[in-house]
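Enquirer: The structure is given below, and queries will be raised subsequently.
Taken together, the values in this text are just the output of simple stated rules run on the coordinates, not laboratory data. All figures in this text were calculated on a predicted structure; none of them were measured in a lab. Every residue, glycine among them, receives a Cβ derived from its backbone with ideal geometry; neighbour counts consider all protein chains shown.
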Amino acid sequence: MQCPAEIYVPPRDLIELQLAQIWEEVLDLHPISVTSNFFDLGGSSLAAMTFLIRVQEQFQQELPLNALFETATVEEIAGILRRESDTRSQSPLVALQAQGSHRPFFCVHAVGGSPLSYIELARALGGEQPFYGFEARGLNGGAEPLETIEEMAAYYLEALRDRQPQGPYALGGWSFGGIVAFEMAQQLQNQGQEVALLAMLDSSAPGTITDFDPAEHATKLLADLTLDLISTRRNLTAVEHEKEHGVIYGKLSGLDSDAQLHYVLERACKANVLPPNAGVDRVRYLLQIFRSNLIALSKYSPKIYAESIVLFRAGDVTEQVSGPALGWQDLSAKPVEIHVIPGNHYTMLAKPNVQVLADELRNYLSHKEAQKAQN
């Protein structure tokens with residue numbers, strides 16, 4: 001494919017040339033201007049991960065995910081690589097959409113730890129809506145994951161308040177991320193801050209997992225992780241979901257621990273969830289995050305939330321749920337506001353359903369800002 005017509009700026013040194021070559025291979029676009037924006041050219045979450053891994057292989061220097069969102073051109077990334085070290089703090093906050101005049105919307109990662117599942121939602125909300133995701137500590141190695149919801153919430157709030165020191169705040173999270181966002185909202189209110197919006201994206205209330213012991217369920221945990229990864233690319237019915245879990249669990253049960261990790265990597269790469277060059281260490285990190293998040297969920301004892309909760313739930317239910325409000329009615333002092341989005345737990349964040357979610361969420365964000373202006 002050819003790059004869309006624009007002012008073309010060729011590579012100006014070896015680093016820019018090597019980066020442009022990687023970029024061209026990942027995006028299948030030729031040639032790449034060193035001033036072109038990665039995401040404007042169609043870069044996806046998978047392409048972003050592939051690019052960062054290729055950069056690490058080529059330059060023996062790891063770039064954080066945030067670098068690609070904040071400096072999304074060959075020219076800017078080359079500037080980072082030219083420096084001997086990157087002195088920026090390793091914030092868990094990832095700017096999926098940094099521009100815009102509206103109040104920022106902050107979304108916590110799901111159980112897998114990556115904020116990349118929100119890329120389509122951030123785009124669908126439009127260029128005027130700043131959108132930030134949180135990345136789990138330890139997702140790429142180098143640090144131990146956090147193992148309580150309270151610690152995660154405090155850790156993410158520190159980064160959030162660096163970006164937006166004062167409220168009102170707009171928070172949300174998909175699946176497991178909604179529970180962390182719930183605790184963040186509680187802590188913000190305890191700090192005397194206003195939470196204008198707490199949005200649950202098909203997130204069920206905590207309390208379904210107790211006394212979780214990962215050592216007793218090691219193979220099942222890997223099967224759950226594998227199915228969670230591939231479900232982001234496949235639209236499975238409830239029956240298909242259960243059947244696929246059985247197939248994966250049966251396969252993993254006959255393998256030793258190293259072979260199990262390679263199997264998970266193979267399935268994830270085949271589903272285009274991980275790039276082919278991801279490596280088995282990335283699966284280890286994912287498993288570590290997955291395990292730690294489930295441990296944190298099993299320990300969490302939530303308190304009643306004094307304000308409203310807004311639930312954007314999937315219309316296609318693939319598992320047993322605790323009522324239309326997914327259990328949040330028992331943790332909210334006010335009625336839960338429910339919006340039903342087409343698709344299932346995974347496809348509600350993908351086209352075309354994500355546009356419906358974005359429209360509902362955008363209207364709600366705009367409504368809250370209008371209320372603020374009138375007060």
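Enquirer: Percent of alpha carbon pairs in the stretch 1-88 separated by more than 21 Å?
Expert: Counting every Cα pair in the stretch 1-88, those more than 21 Å apart make up 20 percent.
Enquirer: Find which of Leu171, Ala98, Phe59 sits farthest along the positive direction of the dipole of the chain, computed with +1 on the beta-carbon of Lys and Arg, -1 on that of Asp and Glu, about the Cα centre.
Expert: So the residue we want is Leu171.
Enquirer: How many angstrom lie between the C-alpha centres of the stretch 14-76 and the stretch 238-302?
Expert: Spelled out, the Cα-based centre of one part sits 27 Å from the other.
Enquirer: About the Cα centre of the stretch 1-88, what is the dipole size in debye to 20, counting +1 per Lys and Arg Cβ and -1 per Asp and Glu Cβ, all else neutral?
Expert: Around 100 debye, computed over the stretch 1-88.
Enquirer: Ignoring everything except DSSP H segments at least 4 long, calculate the 222 nm mean residue ellipticity for the chain; use -39,500 (n - 2.57) per segment, divide by total residues, nearest 500.
Expert: Mean residue ellipticity at 222 nm (helix-derived): -14500 deg cm²/dmol.
Enquirer: If you don't mind, another one. Please list, ordered by chain and number, the residues whose modelled amide H lies under 5 Å from the amide H of Val111; skip anything fewer than 5 residues away on the same chain.
Expert: Sorted by chain and number, the residues that satisfy this are Phe176, Gly177.
Enquirer: Under the definition of Cα pairs under 8 Å and six or more residues apart, what whole-number percent is the relative contact order of the stretch 147-189?
Expert: 54
Enquirer: Another question about this same structure. Only four residue types carry charge here, +1 at the Cβ of Lys and Arg and -1 at the Cβ of Asp and Glu. Report the dipole size of the chain about the Cα centre in Debye, rounded to the nearest 20.
Expert: That gives a dipole near 440 debye.
Enquirer: Further question: Which one of Thr71, Ser292, Phe134 is farthest out on the positive end of the charge dipole of the chain, using unit charges on Cβ (Lys, Arg +1; Asp, Glu -1) and the Cα centre as origin?
Expert: Of Thr71, Ser292, Phe134, it is Phe134.
Enquirer: Quick check for me: using +1 on Lys/Arg Cβ and -1 on Asp/Glu Cβ, what's the dipole size of the stretch 72-208 about its Cα centre, in debye to the nearest 20?
Expert: Taking the Cα centre of the stretch 72-208 as origin, the dipole is about 280 debye.
Enquirer: I need the peptides 156-168, 40-52 ranked by packing, meaning the mean over residues of other C-beta atoms within 10 angstrom, with the highest value on top.
Expert: 40-52, 156-168
Enquirer: Pull up all non-local amide H partners of Phe131: gap of 5 or more, or a different chain, and H-to-H distance under 5 Å with H placed in the peptide plane.
Expert: Leu96, Gln97, Ala98, Phe105
Enquirer: How large is the convex hull of the C-alpha atoms of the chain per residue, in Å³?
Expert: Value for the chain: 143 Å³ per residue.
Enquirer: Quick one: compute the contact order of the stretch 1-88, relative version, from alpha carbon pairs under 8 angstrom and 6+ residues apart, as a percent.
Expert: This gives 30 percent for the stretch 1-88.
Enquirer: Let me ask something else about it. Assuming a ≥ b ≥ c are the square roots of the Cα gyration tensor eigenvalues, decide whether the stretch 214-298 counts as rounded (a/c under 1.5), prolate (otherwise, with a/b larger than b/c) or oblate.
Expert: Because its axes are fairly even, with a/c under 1.5, the stretch 214-298 counts as rounded.
Enquirer: Contact order normalised by length for the chain, with contacts defined as Cα pairs under 8 Å and 6 or more residues apart; what percent is it?
Expert: Once normalised by length, the contact order is 15 percent.
Enquirer: With each label point set 7 Å from Cα along the Cα-Cβ vector, what nm distance links Glu144 and Lys243?
Expert: My value for the distance between the label points is 4.4 nm.
Enquirer: Tell me, in nm to one decimal, what length is gained between Ala218 and Ser253 on full extension, where the rule is 0.36 nm per residue of separation less the Cα-Cα distance?
Expert: Going from the current span to full extension adds 11.6 nm.
Enquirer: Projecting each Cα onto the charge dipole of the chain (Lys/Arg +1, Asp/Glu -1 at the beta carbon, about the Cα centre), which of Pro324, Gly42, Val283 comes out farthest on the positive side?
Expert: Pro324
Enquirer: Can you list the HN-Hα couplings for the stretch 347-352, worked out from phi with the Karplus curve (6.51, -1.76, 1.60; θ = phi - 60°), rounded to whole Hz and with x for Gly and Pro?
Expert: The phi angles translate into 6, 5, 9, 10, 5, x Hz.
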